[in-house]
Amino acid sequence: MWFLKSISDDVRFAQLEFRKHTKAKRLVIGSFLACMAAVLQAAGGFLPGIGYFISPFATLPILIGAMFSLQMGVMSYVLTILLLFILFPSELVIFPFTTGLLGIGIGAAFSFFKKRLSIISIGAILLMIGIMSLLYIFHFPLLGPAVSDSFSFITVGSILIFSFLYNWLWVEIALFFFKRFKTVIS
């Protein structure tokens, strides 16, 4: 089955090659990825309308960073949060729980697992926890006024299905971009 196929060893090989770089080069790459993520996440506020279609791509720099090195991914994640605090504080609620958490989760899953299904599942669980935290703990209307902040099994099931499909898409996007980006980094 396609979901149970193992992902190639390109990620592991690129991680080993990436560790050969100096700390300064790794720090610069991580900072660059954090800046890209902050600009992409803030696009929803700077460019109303089209920016909302651009801001989900803030996952990609964090994801690429976490695929190369979990330490660099976490550093980029935290640095992006600090940059958003300065640039666009309203996006500070959304990024740590959805976009950034998704990037860290899938990137870490690439380091620990080989099967597509396990990588997608880890990312889906983390995204679902992030969305549900915003909805039910912080009462942040992430999904708009149509979804109430009171617990509903239909809402939770919908979030779970969406998270799984959205993570599946991001795993495929990550593999596509990773194969092109690893030649630049290596």
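Key figures
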quantity	calculated
Of all residues making up the stretch 121-156, the number that are among the small types (Gly, Ala, Ser) and under 21 Å from the mean Cα position of the chain (by Cα)	5
Pairs with Cβ under 7 Å, 6+ apart, first in the stretch 6-26 and under 12 Å from Leu175 (Cβ atoms), second of a type outside the set (S, T, N, Q) and not in a helix (DSSP H, G or I)	Ile7/Lys114
Condition met for Phe97 (without any contact (Cβ under 8 Å) to a residue 60 or more places away in the chain and surrounded by 20 or more Cβ atoms within 10 Å (Cβ to Cβ))	yes
Residue in the stretch 42-53 that is under 23 Å from Ser111 (Cβ atoms) and aliphatic (A, V, I, L, M) present	no
Residues of the stretch 34-64 satisfying the condition of being under 10 Å from the mean Cα position of the chain (by Cα) and crowded, with 23+ Cβ neighbours inside 10 Å	Ala37, Ala58, Thr59, Pro61, Ile62, Leu63, Ile64
Qualifying positions in the stretch 130-159 - under 23 Å from Tyr52 (Cβ atoms) and aliphatic (A, V, I, L, M)	Ile131, Met132, Leu134, Leu135, Leu142, Leu143, Ala146, Val147, Ile159
Top-ranked residue of the stretch 100-135 - restricted to ones that are in contact (Cβ under 8 Å) with a residue 60 or more places away in the chain and surrounded by fewer than 24 Cβ atoms within 10 Å (Cβ to Cβ), ranked as farthest from Phe164 (Cα to Cα)	Ser111
Odd one out for Phe153 among (1) among the aromatic types (Phe, Trp, Tyr); (2) more than 24 Å from Ser90 (Cα to Cα); (3) free of Cβ contacts under 8 Å to residues at least 24 places away in the same chain; (4) surrounded by 15 or more Cβ atoms within 10 Å (Cβ to Cβ)	(4)
Candidate set: the stretch 81-120, residues that are over 12 Å from the mean Cα position of the chain (by Cα) and polar (S, T, N, Q); chosen: the one nearest to Leu175 (Cα to Cα)	Ser111
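Here is a yes/no grid of residues against (1) touching a helix residue (DSSP H, G or I) at 6+ places or on another chain (Cβ under 7 Å); (2) under 18 Å from Phe176 (Cα atoms):
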position: Val39; (1), (2): no, no
position: Ala42; (1), (2): yes, no
position: Ile64; (1), (2): yes, yes
position: Thr80; (1), (2): yes, no
position: Ala108; (1), (2): yes, yes
position: Ser121; (1), (2): no, no
position: His139; (1), (2): no, no
position: Leu142; (1), (2): yes, no
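Any read-out appearing in this document is the output of simple, stated calculations on the displayed coordinates, not a laboratory observation. Nothing here was measured: the structure is a model prediction, and the numbers come from that model. As a convention, Cβ positions derive from the backbone with ideal geometry for all residues, glycine included, and neighbour counts pool all protein chains shown.
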